[in-house]
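Please read the structure below before turning to the comments.
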Amino acid sequence: MRGLKLAEVGVGDVDAHLRPTSDRVREAIFNLLTNGSSGNRVTEARVLDLFAGTGALGLEALSRGAAHATFVDDGIAAHALLRENIHLTKVGAQCRVVRRDATNLGLCEGEPYDLVFLDPPYSRGLGEQALNSALQSKWLSIEANVVWEEASPQPPPPGFILTDQRRYGDTWITLLTVRA
């Protein structure tokens, strides 16, 4: 889907806290995931995009060969943008959109996910809560990879191993793996 422009966030709902990942950071993330020492972690992956917002990360994964993406966000504005972007990218058959609080996922009803994008509102402690919920509720496969975007470096929560951490301007990317 190279070059396809996704729906604009616009002014929208100020309370939605929509902050799409910059193109530079998104490219860096996918370089790490596809060219890292662990090989390509995107091709054929089942992707879970928590605090999905516009869905840009999950949609990028699909465009790079992921098998499926589930987008989780509880915002009205985010859901409208997600649906529009899924329509624009024509990947609806590979997607599922769930309107739910990412910090309280409930039991996973299908196969677990092996690649997780986590982009919570910055500096509110929601990332660790979401990871704990996903792990406890069986949403994550053994050795699932997590890409966590935050305003500061994040330590790995219990059950996760830190594999890499990098800063891109005001954004910190923390890569984790579920402890086997």
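The values are calculated or read from the model by the stated rules, or taken from the named source; none is laboratory data. Please read these numbers as outputs of a predicted model, since none were measured by experiment. Virtual Cβ from ideal backbone geometry, glycine too; neighbours counted across all protein chains shown.
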| message | Among the numbered criteria (1) in contact with a helix residue (DSSP H, G or I) (Cβ under 6 Å, 6 or more places away or on another chain); (2) in a strand (DSSP E or B), which one does PRO157 miss? | response | (2)
| Residue identified as in contact (Cβ under 8 Å) with a residue 40 or more places away in the chain and under 16 Å from the mean Cα position of the chain (by Cα) among GLU149, GLU111, GLU84, GLU128 | GLU149
| message | Step by step: first the residues of the stretch 28-50, then only those that are modelled with pLDDT under 95 and closer than 24 Å to SER123 by Cβ, then the one that is surrounded by the most Cβ atoms within 10 Å (Cβ to Cβ). Which residue is that? | response | ILE29
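If a residue must be farther than 22 Å from LEU62 by Cα and without any contact (Cβ under 8 Å) to a residue 12 or more places away in the chain, how many such residues does the stretch 93-108 contain?
0
Among the residues of the stretch 115-149, what is the count of those that are of a type in the set (Asp, Glu) and surrounded by fewer than 22 Cβ atoms within 10 Å (Cβ to Cβ)?
Number satisfying all stated conditions: 2.
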| query | When you scan the stretch 51-68, how many residues do you find that are farther than 21 Å from ARG124 by Cβ and among the hydrophobic types (A, V, I, L, M, F, W, C)? | reply | 5
| request: Scan the stretch 123-154 for residues that are part of a loop (DSSP other than H, G, I, E, B) and either at negative phi or among the aliphatic types (A, V, I, L, M) (or both) and jot them down. | output: ARG124, SER137, TRP139, ALA151, SER152, PRO153, GLN154
| request: Identify all residues within the stretch 107-140 that are more than 15 Å from ASP49 (Cβ to Cβ), of a type in the set (S, T, N, Q) and either in contact with a Leu (Cβ under 9 Å, 6 or more places away or on another chain) or modelled with pLDDT under 95 (or both); write none if there are none. | output: SER123, GLN136, SER137
| Does the stretch 60-69 include one or more residues that are of a type in the set (S, T, N, Q) and without any contact (Cβ under 8 Å) to a residue 40 or more places away in the chain? | no
| message | Can you pull out every residue in the stretch 93-115 that is touching a Gly at 6+ places or on another chain (Cβ under 9 Å), over 17 Å from GLN136 (Cβ atoms) and either of a type in the set (Lys, Arg) or assigned to a helix (DSSP H, G or I) (or both)? | response | ARG96, ARG99
